[in-house]
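Working notes, beginning with the structure itself.
The values are calculated or read from the model by the stated rules, or taken from the named source; none is laboratory data. Since we're looking at a predicted model, the values are computed, not measured. No Cβ is skipped: glycine too gets one built from the backbone with ideal geometry, and neighbour counts run over all protein chains shown. Each accessible area value is taken on the protein alone, full model and side chains, heavy atoms only, with ligands, DNA and RNA left out. Shrake-Rupley method; radii C 1.70, N 1.55, O 1.52, S 1.80 Å.
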Amino acid sequence: MYSDFTFSIIKPNAVRTGKTGPILALINESGFEIEALRMVRMTVAQAESFYSIHKGKSFFDGLIEFMTSGPVVVMILRHDNAVEEFRKLIGATDPSKAAPGTIRKIYAVSVQMNAVHGSDSAENAVREADFFFSGVERFH
Ligand code: UDP
Ligand code: MG
């Protein structure tokens, strides 16, 4: 069991098009352990709170509309150096700049609909995991 974790979301475009299974397989094959996992449909208020760091940015309203457009899969993933290793696996925010073999390179359809979220720091991983999961669900 790894001591380190990150938080991830499979975004609506990927869930809608049946990519949940393939993305989970890639995450597992890349050595991450899934500690907790759930499918949710966020309300606008929840999405605005989750993404509050981006409030005021030009892409904020579109991002909220997209992230509330359908169900998402939220999860806590364990690995050594989890935040950095998972950001490597997902690739750049803009899929045209993402490295070959990364999740975004394979499954993103645009900068906005880039298939997956990954926390950008250990501090944000704690905040984001706590946003969606209770202690009861985090049984490891
Ligand atoms: N996003 C967007 N347009 C942009 C930048 C970001 O629609 O110009 C969306 C995209 O879905 C991205 C999310 O907003 O994943 C959060 O942006 P951030 O800069 O935090 O990128 P990430 O950490 O997800 O790579
Ligand atoms: Mg980010």
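Within segment 1-45, the set of residues being hydroxyl-bearing (Ser, Thr, Tyr) and either at pLDDT 95 or above or under 13 Å from the mean Cα position of the chain (by Cα) (or both) comprises 6, 8, 17, 20, 30, 43.
Please work out which residue is nearest to ligand 1 (Cβ to nearest atom), limiting yourself to segment 95-116 and to residues that are open to solvent by less than 40 Å² (accessible area, probe 1.4 Å) and over 17 Å from residue 40 (Cα atoms).
Going through segment 95-116, the residues open to solvent by less than 40 Å² (accessible area, probe 1.4 Å) turn out to be 95, 98, 102-104, 108, 114-116.
The next check asks that each one be over 17 Å from residue 40 (Cα atoms); those that pass are 95, 98, 102-104, 108, 114.
On the way: 95: 10, 98: 10, 102: 11, 103: 11, 104: 8, 108: 9, 114: 5 Å.
Per the criteria, the residue is 114.
Against the conditions (1) open to solvent by less than 50 Å² (accessible area, probe 1.4 Å); (2) touching a strand residue (DSSP E or B) at 6+ places or on another chain (Cβ under 9 Å); (3) more than 29 Å from residue 135 (Cβ to Cβ), residue 19 satisfies every one except (1). What's the number of the only condition in (1) at pLDDT below 95; (2) surrounded by 13 or more Cβ atoms within 10 Å (Cβ to Cβ) that residue 48 fails to meet? Exception for residue 48: condition (1). Among the residues of segment 13-51, those identified as closer than 13 Å to residue 69 by Cα and touching a Pro at 6+ places or on another chain (Cβ under 7 Å) are 15, 40, 41.
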